[in-house]
Amino acid sequence: MIKKSLSGLLIFSIMLCCPFVFAEQSPVIYLDISDIGKPAGNGEFELPIKAINYSQIYSYELLLNFDSEYLEAVDITGNTGGYEGLKEIDNDTGTIRYQYCIHDNNLSNNVLAKVTFEVIEVGITEVSIDKTSMFSTKPEEDDMQGGQTIEVDYDSSSDYTSSVTFTAGTVAAPKFVYDKTVFPYSMEVSFEWPDDGVKIYYTTRDGTEPKAEPKYEYDEPFEISNTTTVTAFAEKNGIKSRMVSQRFRREMGGMSGGGGSYSPVVSQPFIPQQQAVSPVSYTDIQNHWAKEYFLKLIERKIINGYEDNTIRPDRQISRAEAAKIITLAAGFSPAGDKSLSFADADEIADWAKGYVKVMFEKGIITGYEDATFKPTRNITRSELVVMAARAFALAQPVDMEITFSDKGNIPDWAINSISTAIQKGIISGYDDNTFRAYDYVTRAETSKVIAKCMGI
């Protein structure tokens, strides 16, 4: 228990003061929150105790009660240059007893005393004066018993009560956590906040404040797949923070996302595609299952063959090759400025830099955690599908569960893209009900994925 006490009784070296005989202009002591504002700020604040018709008051005693769940009383002081009797603060029971003898009746803004509180918990709280005892004007000099110390006897019939209800403390608004505000396919949004016990409510309906349903209580990061404004507020003990909003825009070829952090093996150095020849001249696709996909892409100058009149359909494809094919298929132009910030930029062939640059600028590729691009690495099924989904801004699937027996091996950053690609028939699993997310992709498989993304 925290308790402050100067004396058990209010003792003055004066003649006994007479209790008030209350008339029409009787003094009244009351609490006033108009000077502290609403809500009271976090930390300490002063709550004024004021009086009206106070010219006859010579001394008073107050009993205050407060909610110790939200407030801690720090001090109470008179405001008239007088002297104190009893001052007892009990933060366990939420009570204050205070006795004071007034020296000067010229009160500033009617303030008789001030109670200093510290906010220890945010919430709506009440402070009340549950007993007020007041005593009349100081007697004339010739009526004083010089030098005699006497006890003041209080008259309970002079009790007044007063109470105020106000907001203690403030709730900080939630802070958005995201990568960027423009994205090509979908992106994850989350919140962070400084206080325990806070609930976050949000809406993703464009321009709608989450004051009523439908609104969502935030419990984990969520994804958005269309242009929208997310609006949110924090709430604790019935107190709401200010509203915060952030607009996110979906734009084809937009933002960045995960790119994986595993370490696939390196393929043989990439052999650049050479000049195109007539599709019918390619000798190694005439009986291949992917022939029609190749012919469609060759006709549109998205894929070329080699000087020996081969396509090499079963050859695995590198990340640099994939960047070029997807750039051309999505209708982007290679960047004229070939400067790249990847740590291994010098390892990227000059013919590929413009394609890699535009893909990076549009957030279709992001590189690895060590800031490298690794252009000669074989691209995996997961990587290819994610890049294609971003480049073609494929819509997010609706409640489609992946049922592959090896779904646990699919990286989190690829789940949504793979779900979408499966739903749209762009890619499928194998006969043994596996997806094989980390298997490398051949030129034939790539041609099928790209042709289906293009709708040809």
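Each value in this text was obtained by applying a stated rule to the coordinates, not by laboratory testing. Since we're looking at a predicted model, the values are computed, not measured. FYI the Cβ positions are ideal-geometry reconstructions off the backbone, even for glycines, and counts take in every protein chain you see.
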Extension gain (nm, one decimal) between residue 93 and residue 180, 0.36 nm per residue minus Cα-Cα: 26.2 nm
Table column - 3J(HN,Hα) (Hz), segment 328-340, Karplus curve with 6.51, -1.76, 1.60, x for Gly and Pro: 5, 5, 7, x, 8, 9, x, 5, x, 7, 9, 5, 10
Distance in nm between pseudo-label sites at residue 26 and residue 249 (7 Å out along the Cβ direction from Cα): 6.9
Label-point separation, residue 161 to residue 372 (7 Å along Cα→Cβ), nm: 7.7
Sequence-distant residues sharing a close amide H with residue 75 (under 5 Å, placed H): 116
Likely footprinting exposure, 167, 446, fewest C-beta neighbours within 10 Å first: 167, 446
Ascending count of other beta-carbon atoms within 10 Å, so fewest first, for 356, 115, 28: 28, 115, 356
Distant-in-sequence amide H partners of residue 315 (H built 1.01 Å from N, under 5 Å): 443, 444
Exceeding the 20 Å Cα-Cα cut-off - candidates 324/362; 50/240; 301/338; 301/374; 175/199: 50/240; 301/338; 301/374
